[in-house]
Each structure stands twice: as structure tokens, then as C-alpha cells.
1. Among (1) in a helix (DSSP H, G or I); (2) surrounded by 11 or more Cβ atoms within 10 Å (Cβ to Cβ), there is one condition residue 58 misses while meeting the rest; what is its number?
2. Which one of these does residue 74 not meet: (1) modelled with pLDDT of 80 or more; (2) assigned to a loop (DSSP other than H, G, I, E, B)?
3. Confirm whether residue 36 is assigned to a helix (DSSP H, G or I), surrounded by 11 or more Cβ atoms within 10 Å (Cβ to Cβ) and over 15 Å from the mean Cα position of the chain (by Cα).
4. Only one of these conditions is not met by residue 5: (1) surrounded by 10 or more Cβ atoms within 10 Å (Cβ to Cβ); (2) modelled with pLDDT of 85 or more; (3) more than 30 Å from residue 69 (Cβ to Cβ). Which number is it?
């Protein structure tokens, strides 16, 4: 329990220092802002893409499983791509 307040204080100090750095009038200010915020913006995109991909998985995904339980064929967009013959 002793480490929690210490960890929070260290995290706040680092966050405050980064905020001051990103707000300072330096030459590469815009670059550092983009470099710092880009991973924060891309993480939700990557997670939502992976969740969407797993929901539509043609073998194990819940949408395909529901279609099979209702007696429908697995939709073509759930199946892997085949080369045209």
C-alpha cells in the first residue's frame, strides 16, 4: 500500500513534465506532439479492428455461428478468399 501513493506521484510528475514539454515554445513542437499522441490515437483503432475481425471470423465468430444456428449458410464474406478460376 505504501507504493501506490508513490507510484501515483511519480506518474503525475512525469505527465506534468511531458505536458510542459509539449507546450513549450521549441522548434519541433508539432513533431513531438504528433509523435507523443499518435500511439494514443492508434491503439483504439487497432483494438476495434481486431475485435471486428474476430466477430466476423467465418469458422468461430459469433455472427457466423448465429447464422449456422438459424439454418443459414455461412455468408460468403465470412469465408476466406479464393482465387478466381
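The values are calculated or read from the model by the stated rules, or taken from the named source; none is laboratory data. Not measured: the values here are computed from a predicted model. Quick reminder, even Gly has a Cβ in these numbers, built from the backbone with ideal geometry, and neighbours come from all protein chains shown.
1. (1)
2. (1)
3. Values: assigned to a helix (DSSP H, G or I): yes; surrounded by 11 or more Cβ atoms within 10 Å (Cβ to Cβ): yes; over 15 Å from the mean Cα position of the chain (by Cα): yes.
Judged against the criteria, residue 36 is a match.
4. (1)
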